[in-house]
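Heads up: the structure comes next, in structure tokens.
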Amino acid sequence: MRQRKVKNLDYKYEAYSDILVWEPEEKRGHWNDLAKGKPIYIEIGCGKGKFISEMAARYPEHFFVAIEANQSVMLRAMEKIREAEITNVVFVPLVVESLADWFDDAEVDGIFLNFSDPLPKNYWYKRRLTYRERLNTYFKVLKEDGTVTFKTDNTGLFEFTMQELQAADLRILEITRDLHAENCPDNIETEYEAKFSGQGEKIKRVVLGRAKERAMAQIKSMAAFNGREIPLEDKVFAASGRAKKMIEEKGKDAVINATIGTLLDDKGELVVMSSVEKTIKTLTASEYAAYAPIAGTEGFKKAICRAAFGPYEVNSYVEVVATPGGTGAIRNTISNYSCPGDKVLTHNWHWAPYKSIAGEMGRGLEHFQMFDEEGKFNLADFEYKVNKLLRSQEHLVIILNTPANNPTGYNMSVEDWYGVKAVLDKVDMDKKVALLCDVAYIDFAGEDEETRAFIPVIDKLRSNILPIIAYSASKTFSLYGFRCAAMICLADSPEVAEEFARVCVYSSRASWSNSPRAPQTVIEKIFADPELLEEARVERRGDREMLLARGRAFNEEAEKVGLNIVPFNAGFFVTIPCDKPDEVCAKLEKKGVFLIPITGGVRVSVASIPEDQCRKLPAIIKSVL
Ligand code: PLP
């Protein structure tokens, strides 16, 4: 509704001349004359002043500048301030084109944008208050740790803001898509907020800060960081590089290099399955040179389902999309089953790239504690985090990496899976959950029947839960460098399955396009030839036994020397929980032991060292802890 112009406005404004600033550009660099040393906060569009008056009353130690172009409306705000005898607010009754005309660099501590005009027509986008250039101007006048807090009921404007904040290279400090469902005692309701939430609209809020300082000088930096924190080097490859250098200097026997997550034999050579190598050599030009369909060849799709499901028949609607490695399946799941600004849920012990894959697409990562105090799967924390996230987002991607979890080596039990199912069974039907089972190490955890026993549990979940299996050929077929995997959905309806194939193919097209044909043909050929398939199984069993023997050796010694490890069953890695993992790894490197520091511990790749080194390691690690 259009606001009626208040009669005798000029006359009424005279009564507030002491708190009105008509020429804000003259105050540029001198706001402190009014603020008297108090930190300065701005609200752009203060309306009738409910927010600013309550903020000013709650924080008398702060100083507020309220801006509002509608002078009739602002009169109400000034009346509120006067009635409440508040003295730490001034008003600017003007349209702000650029805050930088009114405020000097780093003069402001915080900016509030409450229920700004969504300006829905596309060609108005540059005038929206969260357009990237405006965001940049806000951060010009904000101090180093200054923040912009943006609140709206309008979903379109909120998603637009998500995209603009990335373009402006800003960091999300806090985000919620349903503010009122969360316990936010800091929230002060505005007039619009009360009105829209009363109509059932969800209130969204995001707090933005500057991206962390870059390691490179600005002048030497060309990249668009888009809010991401990109380290100068990859931890794993850097540590492995240092180990190799030490081997050159001091010889092989002086070094234990347990950094890289690939299976090496006892001589340190990459394990390549001979059944796979042999099949690669049979490939004709048309079997490797031609593009494969984006979703994968039909033969591959059938074969990979046999590989993934093992002895289990599934009742769900299955669709398959080929991806370049399990990484591609993770990427496609996040891009299609969550929104920018959402958080993806996984366990606290997880493969580090989950965070960068999510961050690359403007999603965050939340974790639940994987283990409780007794070392059991922490279902209670899982449930708490699922419900917490679903209060403020409509979609949720959950990633569970099991069996032989990286980095712990934990296998979720069937009981754990039933617990997960029970939690998901309770999710409201208007929320949508994609449950990504990242089974990257499944074939190194035990026999097919046992490692795949979770499949009947996730087969045919409720229709708002979509299980997706990320099945990678990197480890299982020693095809790491060939980039081959599949994402397989177990949908409750043919529509959801068909949509899965469509959206994932679309995402693939928009990122890597087709996946390589050669490894798909190799897998298809192995599954078409019973002898070859048996040969592959026997080889893999041998490799698995070698790996399990290493893990057992590490465990036994750890127990003997009293080294605490995170629950381990099988797989490529063992993890030792500790404080200051970077320092621990640096000390170990001086002793010729190269491990990977991760959040909350250090990771040992038992896949890359022989059994005798697995036996030696626990005592050495214990000695530096
Ligand atoms: N998931 C986990 C837990 C991993 O450790 C890895 C690789 O190390 C992957 C997924 C993806 O591997 P790739 O893309 O080679 O299949």
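A short reminder: the numbers here are calculations on the coordinates, not readings from a lab. Being a predicted model, the structure only gives us computed values, none of them experimental. Cβ placement follows ideal geometry from the backbone for every residue including glycine, while neighbour counts extend to all protein chains displayed.
Excluding same-chain neighbours fewer than eight residues apart, the aspartates and glutamates reachable from LYS38 by a Cα-Cα span under 13 Å are GLU61, GLU107, ASP109. Within straight-line reach of LYS212, meaning a Cα separation under 21 Å, sit the following lysines at least 8 residues removed in sequence or on another chain: LYS140, LYS143, LYS220, LYS235, LYS343, LYS355.
Rounded to the nearest Hz, the phi-derived 3J(HN,Hα) couplings of the stretch 162-179 under the Karplus curve 6.51 cos²θ - 1.76 cosθ + 1.60 (θ = phi - 60°) are 4, 6, 5, 5, 5, 5, 8, 6, 9, 9, 7, 8, 8, 8, 8, 9, 8, 4, where x marks glycine and proline.
With θ taken as phi - 60° and the Karplus curve 6.51 cos²θ - 1.76 cosθ + 1.60 applied, the whole-hertz 3J(HN,Hα) list for the stretch 405-419 is 3, 9, x, 8, x, 7, 9, 5, 7, 4, 4, 4, 5, 5, x Hz, x standing for glycine and proline. What percentages make up the Cα-Cα pair-distance distribution of the stretch 17-83 when the bins are 10 Å wide from 0? Bins of 10 Å from zero give 20, 55, 24, 0 percent of pairs. For LYS525, a cut-off of 17 angstrom between C-alpha atoms picks up these lysines, skipping any fewer than 8 places away in its own chain: LYS278, LYS281, LYS301, LYS302. Only the Cβ atoms of Lys and Arg (+1) and of Asp and Glu (-1) were treated as charged; on that basis the dipole of the stretch 482-546 about its Cα centre amounts to roughly 360 debye.
Count neighbours as other Cβ atoms within 10 Å of each site's Cβ, and list the trypsin sites (Lys or Arg not before Pro) in the stretch 404-437 that are DSSP loop with at most 13 such neighbours.
Qualifying residues, ordered by number: LYS426.
Helical content of the chain, expressed as a calculated mean residue ellipticity at 222 nm, amounts to -12000 deg cm²/dmol (DSSP H runs of 4 or more residues, -39,500 (n - 2.57) each, divided by residue number, nearest 500).
Pairs spanning more than 18 Å between alpha-carbon atoms, out of LYS560/LYS622; LYS48/LYS195; LYS48/LYS126; LYS50/LYS195: LYS48/LYS126. Extent along the principal axes, Cα only, for the stretch 1-123: 40, 39, 27 Å, with the longest axis given first. Applying a DSSP loop filter and a limit of 11 other Cβ atoms within 10 Å to the GluC sites (Glu not before Pro) in the stretch 347-377 leaves GLU373, GLU374. The GluC sites (Glu not before Pro) of the stretch 402-492 that meet both conditions, a loop assignment by DSSP and at most 16 other Cβ atoms within 10 Å of the site Cβ, are GLU447. Placing R0 at 30 angstrom, the Cβ-Cβ distance between ASP612 and LEU532 gives a FRET efficiency of 0.35 after rounding to 0.05. Among TRP124, TRP351, the ranking by other beta carbons within 10 Å of each residue's beta carbon, starting with the fewest, stands as TRP124, TRP351. Axis angle, to the nearest 10 degrees, between helix 530-561 and the longest C-alpha principal axis of the chain: 70 degrees.
Put simply, the C-alpha atoms of the chain give a gyration tensor, and the ellipsoid matching it has half-axes of 54, 28, 22 Å, longest first. Report the net charge of residues surrounding GLU531, where surrounding means a beta-carbon distance below 13 angstrom and charges are Lys +1, Arg +1, Asp -1, Glu -1. Charge balance near GLU531 sits at -1. Scanning residues 5 or more positions from ILE203 or on other chains, those with amide H under 5 Å from its amide H are LEU179, HIS180, with H placed 1.01 Å from N in the peptide plane.
Extending 7 Å from the Cα toward the beta-carbon at both SER72 and ARG127 defines two label points whose distance is 1.9 nm.
Here the stretch 60-99 and the stretch 151-174 have alpha carbon centers that stand 25 Å from each other.
Can you give the % of DSSP beta bridges in the chain that are antiparallel, to the nearest 5? Taking every DSSP beta bridge within the chain, about 45 percent pair in antiparallel fashion.
Between SER511 and GLU415, the C-beta separation translates, for a Förster distance of 35 Å, into a calculated FRET efficiency of about 0.40. Between LYS195 and VAL561, the contour length at 0.36 nm per residue exceeds the Cα-Cα span by 125.3 nm.
Please give the length that would be gained between ASP10 and HIS30 if that part of the chain were fully extended, namely 0.36 nm times their separation in residues minus their C-alpha to C-alpha distance (nm, one decimal).
Full extension from ASP10 to HIS30 adds 4.5 nm.
Scan around LEU365 for amide H atoms under 5 Å from its own, H built in the peptide plane at 1.01 Å from N, and keep only partners 5 or more places away or cross-chain. Excluding prolines and chain starts, which carry no amide H, the hits are VAL344. Extending 7 Å from the Cα toward the beta-carbon at both LYS252 and ASN348 defines two label points whose distance is 4.0 nm.
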